[in-house]
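Okay, so here's the structure we're looking at.
The values are calculated or read from the model by the stated rules, or taken from the named source; none is laboratory data. If you're wondering where the values come from, they're calculated on a predicted model, not measured in any experiment. Here the Cβ positions follow ideal geometry from the backbone for every residue, glycine too, while neighbour counts run over all protein chains shown. For accessibility, only protein heavy atoms count, side chains too; no ligands or nucleic acids. Shrake-Rupley method; radii C 1.70, N 1.55, O 1.52, S 1.80 Å.
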Amino acid sequence: DFLCRAAGAGCAGFRTCPLREEGESESREQTSIADIIFLLYYSYVEINDVDEAIRWHTAVCQHLRLKGRIRISHEGVNVVLEGLKEDVDTYMAIIRGDGRWGTKIDFKLSGLNEGRSIHEQRFKGLSVKETSEVVSIGLRQDLYPHFHGATHLSPQEWHEMLNQSKMDKNVVLLDTRNVYESRIGKFECDGVETIVPNIRQFTDFPKFVDDNIDLLRGKKVMMYCTGGVRCERASAYVKEKLQAEREGAEVFQLKGGIHHYLKMFDKDGETELEISEQGNKGAGAGAGAGRYFKGKNFVFDPRRYEPMHDGNILGRCHTCEKPHDLYDNGPECRCKTCRLLLLVCDECRKRHEDDWKVQ
Ligand SMILES: [Zn+2]
Ligand SMILES: [Zn+2]
């Protein structure tokens with residue numbers, strides 16, 4: 001049944017099916033950086049039989065030799081996968097064609113980083129598990145649902161709004177991500193405050209909003225995250241806390257998150273859009289000048305950050321404070337006490353080996 005569905009969607013079948021080909025690990029090592037693509041997406045869609053969904057997704061991924069992480073709940077799916085480009089294409093066609101996983105799914109594609117090892121940037125295996133929510137904000141599931149979220153802005157609309165917001169004290173950018181993510185990249189716009197909550201995990205976000213609601217009151221709030229999924233819930237919470245409907249507060253969320261915004265500046269991007277002359281300082285669309293996101297988009301996969309970035313280093317070494325934004329310049333460094341992911345430069349790694357826990 002599954003194989004028929006895959007074949008109907010243009011599956012290469014015999015050539016890629018792991019059941020028919022030996023030496024999989026060998027061929028994984030022979031691929032080049034340009035052959036591999038990462039796919040991120042989420043979809044809010046009612047799933048009645050989660051166990052069956054887990055079996056189905058596992059079979060599809062094994063068939064196409066995709067690795068990564070799939071989380072399935074009764075309210076939808078949250079997915080990051082990687083594999084050969086043609087296999088990821090087939091996968092997207094299968095998901096679109098199947099119909100059970102939502103319509104108009106916003107697939108987000110990006111490649112590996114040049115100049116780094118392929119092996120280190122790829123998943124070691126496939127994990128498909130049940131969760132209680134698409135993304136957990138740590139509140140009861142029926143409170144502040146995603147469909148009460150703030151108005152979505154396309155990357156282009158977001159960019160235009162920032163063009164119009166320079167030096168405007170009534171506008172704030174609100175990062176909904178964790179501290180170690182914001183440390184290597186964030187939105188910056190002249191004269192506009194970027195509020196970075198410095199939270200350890202997303203479930204800390206509601207408390208941050210409760211404690212800092214005065215920073216947001218009466219403002220035009222522009223919320224963003226990696227790929228958009230966290231803002232769906234987070235913006236519903238902010239809207240409710242600001243009593244936005246009653247008080248006419250304006251809350252917006254960036255559709256597709258930082259990922260889609262950076263894709264807009266990516267010369268090879270599939271979603272390349274036109275940027276206005278004003279925003280781009282006359283450099284022409286795709287050149288990358290005039291973008292409001294500085295630094296790197298942290299991702300929860302072995303790449304650690306997406307390849308579309310401006311080269312700005314926002315991060316600082318935890319020990320010596322020198323500019324440094326790589327988490328993977330050696331084994332993972334975490335605080336010995338609280339296990340927070342830390343940036344530690346090459347020199348400090350050698351000099352202060354006992355100061356942090358190396359995984
Ligand atoms: Zn250092
Ligand atoms: Zn700590």
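Numbers below:
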item: Condition met for Arg334 (of a type in the set (D, E, K, R), open to solvent by 10 Å² or more (accessible area, probe 1.4 Å) and within 16 Å of ligand 2 (Cβ to nearest atom)); result: yes
item: Arg349 being surrounded by fewer than 18 Cβ atoms within 10 Å (Cβ to Cβ), modelled with pLDDT under 90 and not assigned by TED's automatic domain parsing to the domain that holds His152; result: no
item: Residue match in the stretch 199-206 (condition: over 19 Å from Phe300 (Cβ atoms) and assigned to a helix (DSSP H, G or I)); result: yes
item: Residue ID - most open to solvent (accessible area, probe 1.4 Å), chosen from residues in the stretch 101-132 that are assigned to a loop (DSSP other than H, G, I, E, B) and in contact with a Ser or Thr (Cβ under 7 Å, 6 or more places away or on another chain); result: Ser132
item: Residues of the stretch 293-331 satisfying the condition of being within 16 Å of ligand 2 (Cβ to nearest atom) and under 21 Å from the mean Cα position of the chain (by Cα); result: Tyr327
item: Flag for Lys169 being open to solvent by 50 Å² or more (accessible area, probe 1.4 Å), among the basic types (Lys, Arg) and in a loop (DSSP other than H, G, I, E, B); result: yes
item: Pair list, Cβ < 7 Å and 6+ apart or interchain, from the stretch 305-322 residues that are within 8 Å of ligand 1 (Cβ to nearest atom) to residues that are at pLDDT 95 or above and not charged (D, E, K, R); result: Cys317/His324
item: Qualifying residue in the stretch 214-221 (condition: part of a strand (DSSP E or B), in contact with a His (Cβ under 9 Å, 6 or more places away or on another chain) and open to solvent by less than 10 Å² (accessible area, probe 1.4 Å)); result: no
item: Given (1) crowded, with 16+ Cβ neighbours inside 10 Å; (2) modelled with pLDDT under 50, index of the condition Gly290 fails; result: (2)
item: Residues (of a type in the set (Gly, Ala, Ser) and under 15 Å from the mean Cα position of the chain (by Cα)) located in the stretch 162-207; result: Ser182, Gly185
